[in-house]
Amino acid sequence: MDFEGSGSYACVVSTQTPIYTKPSNEHELTVIQTQRDPPQVLTSKPVYQVGETLEANCTTSPSRPIAHITWLVNGKSVSRAHSYRCFQVSVCSAI
């Protein structure tokens, strides 16, 4: 099954004698792809000085629906005002 398989499915039952046709109810089907690998975090360098800007990248494996990335520092969410997103061949997010 591939992503194009997502959609509304129905069937119709018919016979020749007596003429009879009965459509089914429609059923919605969604094809998903779970992430195969855990996300990877990379930084531009291993040590930063006070006042420097941290450059980090979080890369996820392909998924559908698309993964949402939330940055955490010491277990606390990073405010969106302190982060930005970029999209390339793979999805990335930086803080």
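Coordinate-derived values only; no laboratory data. Since the model is a prediction, treat every value here as computed from it, not as a measurement. Please note: Cβ atoms are built from the backbone with ideal geometry, for glycine as well, and neighbour counts cover all protein chains shown.
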Once fully extended, how much extra length lies between Glu4 and Gln40, figured as 0.36 nm per residue of separation less the alpha-carbon to alpha-carbon distance? 10.1 nm
For a label point 7 Å along the Cα-to-beta-carbon line of Ser61, residues of the range 33-52 with backbone N under 19 Å: 33-42
